[in-house]
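I have placed the structure first, in the form of structure tokens, so that the comments after it can refer back to it.
The values are calculated or read from the model by the stated rules, or taken from the named source; none is laboratory data. These numbers were taken from a predicted model, which means no experiment stands behind them. Note that we place each Cβ from the backbone using ideal geometry, even for glycine, and neighbour counts take in every protein chain shown. When the accessible area is computed, the model is the full protein with side chains, heavy atoms only, and any ligands, DNA or RNA have been set aside. Shrake-Rupley method; radii C 1.70, N 1.55, O 1.52, S 1.80 Å.
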Amino acid sequence: MSKDDWTVKVLQMAHGIRRRVLAHTLARNGGYLSQACSSAEIFAALYGKILKLKRLDTPLPAGSFNGTPGPGCPASTGAVFNGGGGSDCDNFILSPAQYALVLYAALAEAGRLDERSMETYDIDGSTVEMIGAEHSPGMEVTSGSLGQGISQASGIAFARRVKGETGRVVLLLSDGECQTGEFWEALQAACYHKLGNLLVYVDMNGCQCDGPTSTVMNLEPFDKRLKSFGARVRRIDGHDVSALARCGSLPGGDVPTFIVCDTDPCRDMDILQGFRPKLHYIRFSSRKEKRACQKFYDAMSAARSPAEGKV
Amino acid sequence: METMTKVHARHLVEWGKHHPDAYVLSADLTASCEADGFRGAYPERFLSMGIAEQNMLAFAGGMAREGLVPLVHTFAVFIYRRALDQVAMSVAYPNLPVKMFGFLPGILTPGGATHQAIEDTAVMRALPNMTVIEPGDATETETALDVAWETPGPVYVRQLRGEVPVLFDRDEPMKLGCPRGIFCDLRGGGPDFVLISSGICTEEGMRASAVLREKGVSIFHYHVSTLKPFDCPEIIDAIASSRRGAITFENHSIVGGLGSAVAECMAEAGLSKPLRRLGIRDTFMHGASRRYLAHEYGLDAMALVSAVEKATGEDFSIREENFRETCTPAMHSDAKAEAL
């Protein structure tokens, strides 16, 4: 496959991720839609190009919820949707579990999660939960309490290095969670312990629950702050799939790598502009709003290229 | 009174030889938590995490997922207070084998309220998947590590350090879920009281009950080192057979610890016997010596005597000098890295 071929494929995946998340947001009359707009290219580039994962012969079904981990109840892990590992394979850790639907959509686009399971999203008893835990497709850890994903990923990275494994630990962070003290604790520890096998993409969509990130707590200059802690840092347009992929194949080093991705929470969905500044969770407050979104979805579906396959 | 010093420190080094998957994580309290010997012996298996406990606990969860066994060492308060969310979500929820050694339970530090873990058992006991153990002497301080290792999932240890009395035979190590019957002479029928103690209160309980027995009060005495899971039918049977009910005695708040565990079991068994809970009476404490705090907050042998006197309405005229000697480690000594 030539360079352009993979770019086309990844862009199609990104389009599909947005469309799928919009469909579920319409169906449930609410959802984490702006996260899909901001991170669609990141997820598509990860699953379509960057991550080294075991192939799956066929998309896997998401099982029903069968209990939380505990005595007599072994943990069922979403890692199987990522191929289940292997010493040369990457982990993919999603830190903000609020992005779960984006992850499910990416898995469906990547042929890792079957279509019928997508229909069980946010249905009682399903593992395809609104804010997933480690039994949910693609979720390798339980990270919904923001700030803990990077620490867990660092522990995994340390252990994998000890075991001599060559696979990386690839982590996706949201910008808001980088306000936590634990994030900075983890950053200093990952640099101090030279976790060069940790690759972090940060979706800088500038939105959080209370509104624009800059009005809640300032993070900037974020790239400079990361650098000053000792990390290797690149700052890119988070919708540029070539740049995303390039950063995913940097030569290994002895410090963690952070790809700070500037993104637009309304990307390819201008209809969301009207929701500003509250983009964290989209809910339709009127029938008119919902109709407009439905119309947008219909147009989006019609514009789907044949290569995207049927859904 | 036979005592031993730096029991955990020594055992950890010896034990570490045979457990290559065990890693010690520390948050700038390495010598204070008796992990300095391990650091010296196995530097590649020692991780300094800085004063950053939230990251340390979730990092430990990540390590455990990959087959390593992290032994987290710091003061107890910094595990269950500062990093509770991380303990809950990165360790307990996934049921990972992270073994947490929390030092300075209750009155064992002059460091004041910031350092005194008075509700750790209550908090950790409430977490699903968590096992909670508390050594009461040198034998248990040593073997708590083995119990923690052999118990699947996360384990929280209210660990002792420095100079510790030897109360139990070296050949009788701590066993998960097995209370020790220190004194339970079943030949004479039920006792007046059943004393259930944990941690350092067991020694005080032994001192007091020996003198009380001389005064004609019959007391069965059980030492509990597994605070969760807590399922002790033998103790419940003993309480059922008693004339005046149960007394619990712990170096912890009377809310949520041993006293509460016993109360829950008694209530579920339908026992209508009085229960008297001795411990820290729902209050924060301040910084002072162990002996002072024990007296001030009612955790010494005399506190137990007073409770029995109150329950029986008798005055036994027992004075401090009637008790056998006790282990009173010096606040400033070579047995600890610092007085804290």
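For the reader, a short list of remarks on this structure follows.
- Leading residue by the ranking (nearest to the other protein chains (Cβ to nearest Cβ)) among those in the stretch A:156-191 that are assigned to a helix (DSSP H, G or I) and either among the basic types (Lys, Arg) or free of Cβ contacts under 8 Å to residues at least 24 places away in the same chain (or both): A:159
- Among the residues of the stretch A:97-111, just one is out of contact with any Phe, Trp or Tyr (no Cβ under 9 Å at 6 or more places or on another chain) and within 14 Å of residue A:280 (Cα to Cα), namely A:97.
- Looking across A:230, A:211, one residue alone is touching a Cys at 6+ places or on another chain (Cβ under 6 Å) and under 30 Å from residue A:182 (Cβ atoms). It is A:230.
- Residue satisfying condition, being open to solvent by less than 60 Å² (accessible area, probe 1.4 Å), over 20 Å from residue B:119 (Cβ atoms) and outside any loop (DSSP other than H, G, I, E, B), within set B:278, B:304, B:293, B:271: B:304
- Breaking point among (1) over 18 Å from the mean Cα position of the chain (by Cα); (2) within 14 Å of chain B (Cβ to nearest Cβ), for residue A:29: (2)
- In the set B:138, B:148, only one residue is within 30 Å of residue A:72 (Cα to Cα), away from every other protein chain (no Cβ under 14 Å), small (Gly, Ala, Ser) and open to solvent by less than 30 Å² (accessible area, probe 1.4 Å); that residue is B:148.
- Scan of the stretch B:167-205 for residues that are open to solvent by 40 Å² or more (accessible area, probe 1.4 Å) and within 16 Å of the chain's Cα centre (by Cα), ordered by number: B:173, B:175, B:176, B:178
- Residue ranges of helices (runs of 4 or more DSSP H) in the stretch B:21-96 with at least 2 members surrounded by fewer than 24 Cβ atoms within 10 Å (Cβ to Cβ), away from every other protein chain (no Cβ under 14 Å) and over 20 Å from the mean Cα position of the chain (by Cα): B:36-41
- Wholly enclosed helices (runs of 4 or more DSSP H) of the stretch A:216-311 bearing at least 3 residues open to solvent by 30 Å² or more (accessible area, probe 1.4 Å) and either within 26 Å of residue A:18 (Cα to Cα) or in contact (Cβ under 8 Å) with a residue 60 or more places away in the chain (or both): A:287-302
- Output for the stretch A:131-155, where each listed residue is more than 9 Å from every other protein chain (Cβ to nearest Cβ) and open to solvent by less than 10 Å² (accessible area, probe 1.4 Å): A:132, A:136, A:137, A:138, A:139
- For the stretch A:39-76, the candidate set comprises residues that are closer than 24 Å to residue A:17 by Cβ and touching a Cys at 6+ places or on another chain (Cβ under 7 Å); within that set, the residue that is farthest from the other protein chains (Cβ to nearest Cβ) is A:42.
- If you go through the stretch B:5-20 and keep only what is open to solvent by 80 Å² or more (accessible area, probe 1.4 Å) and part of a helix (DSSP H, G or I), you end up with B:10, B:14, B:17.
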